[in-house]
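Some notes on the structure that comes next.
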Amino acid sequence: MKKIEAIIRPEKFDITKDAIEDQGYGGMSVSEIKGHGNQKGVSEIWRGKRYRVDLMPKIKIEIVVSDDAVEQVVQTIIATSQTGSIGDGKIFVSDISNAYRIRTGEQDDAAI
């Protein structure tokens, strides 16, 4: 099992979520977060004054899938979230050693 964490632009969330669900992976956790990558935020001018926004709003999607589904889910996230501009986000994939469904006690792939 693998955990996929995707940090994407808020305006791309709905289309990304729908595409993941259309593939049959409906179980996910979603958080509204703020952060920045290498670009360190943006500078903007408002009412004639320049100011810097260091932490940009982002959406973090966490989803656990079987090993054979990782590439499909990752490619779906990339295809639906990519704008080609700085700040599109990142995807992290990590190993999950065990998963348990609290209600039934199911384990591993049966739990997801």
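Bear in mind these aren't lab numbers, they're just calculated from the coordinates by the rules spelled out. Since the model is a prediction, treat every value here as computed from it, not as a measurement. Cβ coordinates were reconstructed from backbone atoms using ideal geometry, including for glycine residues, and neighbour counts include every protein chain displayed.
Give the order of GLU5, GLU71 when sorted by the count of other beta carbons within 10 angstrom, beginning with the fewest.
The fewest-first ordering by Cβ neighbours comes to GLU71, GLU5.
Defining a contact as two alpha carbons under 8 Å apart and six or more residues distant in sequence, what relative contact order in percent does segment 2-111 show?
This gives 41 percent for segment 2-111.
For MET1, what is the net charge nearby, where nearby means another residue's Cβ is under 11 Å from its Cβ and Lys, Arg count +1, Asp, Glu -1?
Combined, the nearby Lys, Arg, Asp and Glu give -3.
Could you work out how far helix 70-81 tilts from the main Cα principal axis of the chain, as a 0 to 90 degree angle to the nearest 10?
Relative to the chain, helix 70-81 is tipped by roughly 30 degrees.
Which net charge results when you count Lys and Arg as +1 and Asp and Glu as -1 among the other residues whose beta-carbon is under 9 Å from that of GLU44?
Once all neighbours under 9 Å are counted, the net charge is +2.
How would you rank 55-62, 104-111, highest first, on the average number of other Cβ atoms within 10 Å across their residues?
55-62, 104-111
Please report how far the C-alpha centroid of segment 14-28 lies from that of segment 95-112, rounded to the nearest whole angstrom.
Using only Cα atoms, the two centres lie 20 Å from each other.
Going by C-beta contacts inside 10 Å, put PHE92, PHE13 in order with the fewest on the left.
Final ranking by Cβ density, sparse to dense: PHE92, PHE13.
Under the rule of -39500 (n - 2.57) per DSSP H run of 4 or more residues, summed and divided by the residues of the chain, what mean residue ellipticity at 222 nm is obtained, to the nearest 500 deg cm²/dmol?
Here the helix-only value at 222 nm equals -6000 deg cm²/dmol.
What are the lysines whose alpha-carbon lies under 28 Å from the alpha-carbon of LYS17, with same-chain residues fewer than 8 places away excluded?
Counting by Cα, and skipping residues close in sequence, LYS17 has these lysines nearby: LYS2, LYS3, LYS34, LYS40, LYS58, LYS60, LYS90.
Between beta-carbons, use under 11 Å as the cut-off and find the net charge around SER94, counting Lys and Arg +1, Asp and Glu -1.
Counting the neighbours of SER94, the net charge comes to -1.
Relative to the longest principal Cα axis of the chain, at what angle does helix 13-22 sit, 0 to 90 degrees, rounded to 10?
20 degrees
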